[in-house]
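Remarks on the structure that follows.
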Amino acid sequence: MGCDVVTKILFDLDEAESRDRYKLLSGLVVPRPIGWIGTRRSDGTNNLAPFSFFNVVSSSPPVVLFSAGAHLDRPKDSATLAGETGVFTVNIGAQDVVEAMSLTSGTFSAEDDEFAIAGLTPVPGAKVDAPLVAESPANLECRVRDVIELGGGTLLVVGDVVAIHVEESVLDGTRIDNDALRAVGRMAGNTYVDTRARFEVSRPV
């Protein structure tokens with residue numbers, strides 16, 4: 001396979017502004033899955049926010065992670081609460097709830113309950129003391145494995161998945177019907193993608 005010579009612009013990220021680094025990385029690493037993270041405060045109130053710097057990184061052991069930057073005055077509540085309580089949930093953002101999910105990305109006070117703000121229903125976890133989003137088609141219950149400070153106020157939260165809830169209509173045994181799941185992915189800015197637009201490429205035998 002030949003390759004035409006094209007001009008590429010080099011960006012030295014050691015010298016780039018923070019905003020430019022974000023625009024480049026969030027625009028190139030696409031589409032990104034979204035971890036809609038549920039946590040609970042010590043007073044019993046709930047917290048909920050979406051993170052597109054999120055992924056599953058292992059199935060044996062089952063491990064997910066998300067990274068959270070900081071507000072101007074404090075770290076993001078989701079990462080702080082996960083670290084304090086040792087647990088969190090991941091709720092799959094689907095098209096039916098994408099508007100509510102976007103609403104929970106707003107900047108609220110540390111005491112606000114995003115479930116109530118977005119009109120969502122919190123459901124207790126079966127194995128962890130963190131809320132699930134009832135309206136989400138699937139939920140992961142997680143125990144914190146590690147919290148790593150990356151610098152600049154960003155925290156990387158690594159979690160062991162200890163339980164999974166999936167709507168029956170989305171399942172074929174343990175296979176997921178992606179058309180029924182209707183998960184969305186994040187592009188740059190306010191743009192999302194519909195994961196039902198797909199194609200297949202055969203792998204070598």
Subject >> Gyration tensor verdict on region 68-147 (Cα atoms; rounded if a/c is under 1.5, prolate if a/b is larger than b/c, oblate otherwise) >> reply: oblate
Original post:
When all C-alpha to C-alpha distances in region 135-205 are sorted into bins of 5 Å, what percent of pairs does each bin hold, rounded to whole numbers?
Top reply: 3, 11, 13, 14, 19, 19, 13, 7, 1
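Counting only protein chains, not ligands or nucleic acids, how are 195, 89 ordered by accessible area (probe 1.4 Å), most first?
From most accessible down to least: 195, 89.
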Original post:
Relative to the compact globular guide of 2.2 N^0.38 Å, what is the alpha carbon radius of gyration of region 1-128, as a ratio?
Top reply: 1.28
Subject >> Under 29 Å from the Cα of residue 127 - lysines, other chains or at least 8 residues apart >> reply: 76
Original post:
Can you give the calculated 222 nm mean residue ellipticity of the chain, where each DSSP H run of n ≥ 4 adds -39,500 (n - 2.57) and the sum is split over every residue, rounded to the nearest 500 deg cm²/dmol?
Top reply: -4500 deg cm²/dmol
Original post:
From the Cα gyration tensor of region 1-75, with a ≥ b ≥ c the square roots of its eigenvalues, which class applies: rounded if a/c is under 1.5, or else prolate if a/b is larger than b/c, or else oblate?
Top reply: oblate
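The values are calculated or read from the model by the stated rules, or taken from the named source; none is laboratory data. Remember, it's a predicted structure, so these values are computed and weren't measured experimentally. Heads up: the accessible areas ignore ligands, DNA and RNA and are worked out on the full protein's heavy atoms, side chains in. Shrake-Rupley method; radii C 1.70, N 1.55, O 1.52, S 1.80 Å.
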